[in-house]
Amino acid sequence: MDEDVEQYLERIKLEHEERVFFLQQGLGAEVHWFFSQGFDALTSGLFLPACASFIIGIEASLRVTMHQINIPARVEELDPAKTLSNRLINKAQENGLPVKLLAFPKEHDFDEKLASIKPNQKNIEIVRIRHNLCHGNILEYINTELGEDNVFFTPDCCRGLAICLYFISKNWAKGLGEFRAKRFEV
């Protein structure tokens, strides 16, 4: 019986650590709630909201941090033209942010894409996915495994993406939190 209680308490402790992880990274309330809500959506099986929340969290964290680097004060307004893009991520990299943490597991050409310029620019994966999902383009997630007569889309088709974005977001939040702690020491 004691072992059951210990296992239960350990499980509850681990679940709590997962739930508060993003809140403990020093990103600020204007950022960490996107990640936290993404985690809640993911664990509730709400894969499209999870994807959107993780992407928005990444975008907000970049925008807020870059603004604070340029103007070291409380952020009152963000420049609407500076959204998630290769350009913003390049600027973040120039300022020492750990942007390589935003690379997807099989994105071996991250640096090449990030360095590419117009007219042949290729977006890094987080930017490409952000643009597609935020503009309603879910075509690459349509399930075609049952043949052309049985093509379908459900939010579950984005489960793998949501899980991948969760792990990228965790690594990013931890790395960015460490960067912010060093950069904005009080």
Review point. Among the residues of the range 143-159 satisfying the criterion of being open to solvent by 50 Å² or more (accessible area, probe 1.4 Å), closer than 21 Å to residue 54 by Cβ and not acidic (Asp, Glu), which is nearest to the chain's Cα centre (by Cα)?
Key: 159
**Study point:** Looking only at the range 129-142, and only at residues there that are touching a helix residue (DSSP H, G or I) at 6+ places or on another chain (Cβ under 9 Å) and assigned to a helix (DSSP H, G or I), the one that is surrounded by the fewest Cβ atoms within 10 Å (Cβ to Cβ)
**Key:** 139
**Study point:** Cβ-Cβ under 7 Å pairs, at least 6 apart or on other chains, the range 124-153 side more than 30 Å from residue 93 (Cβ to Cβ) and touching a residue at least 12 places away in the same chain (Cβ under 8 Å), far side open to solvent by less than 60 Å² (accessible area, probe 1.4 Å) and not in a loop (DSSP other than H, G, I, E, B)
**Key:** 142/157; 143/157; 153/141; 153/143
Review point. Of (1) modelled with pLDDT under 95; (2) surrounded by 14 or more Cβ atoms within 10 Å (Cβ to Cβ), residue 53 satisfies all except one. Which?
Key: (1)
Review point. Looking at 81, 162, 115, which one is under 30 Å from residue 20 (Cα atoms) and either touching a His at 6+ places or on another chain (Cβ under 9 Å) or of a type in the set (Gly, Ala, Ser) (or both)?
Key: 162
Check your understanding: Would a scan of the range 65-83 turn up a residue that is under 28 Å from residue 155 (Cα atoms) and part of a helix (DSSP H, G or I)?
Key -> no
Study note, to complete from the structure: Matching residues in the range 30-50 (open to solvent by 70 Å² or more (accessible area, probe 1.4 Å) and of a type in the set (D, E, K, R)) number 1
Practice item. Report, ordered by the first and then the second residue, all pairs with beta carbons closer than 7 Å, sequence separation of six or more or different chains, a first member in the range 1-27 that is closer than 20 Å to residue 43 by Cβ and free of Cβ contacts under 8 Å to residues at least 60 places away in the same chain, and a second member that is small (Gly, Ala, Ser) and surrounded by 13 or more Cβ atoms within 10 Å (Cβ to Cβ). Key: 23/36
Point to revise | Hey, residue 164 at pLDDT below 95 and within 28 Å of residue 39 (Cα to Cα) or not | key: no
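The values are calculated or read from the model by the stated rules, or taken from the named source; none is laboratory data. Bear in mind that the values here come from a model prediction, so they are computed numbers and not experimental data. Glycine also receives a Cβ, built like all others from the backbone with ideal geometry; neighbour counts cover every protein chain displayed. Ligands, DNA and RNA are excluded from the accessible area calculation, which covers all protein heavy atoms including side chains. Shrake-Rupley method; radii C 1.70, N 1.55, O 1.52, S 1.80 Å.
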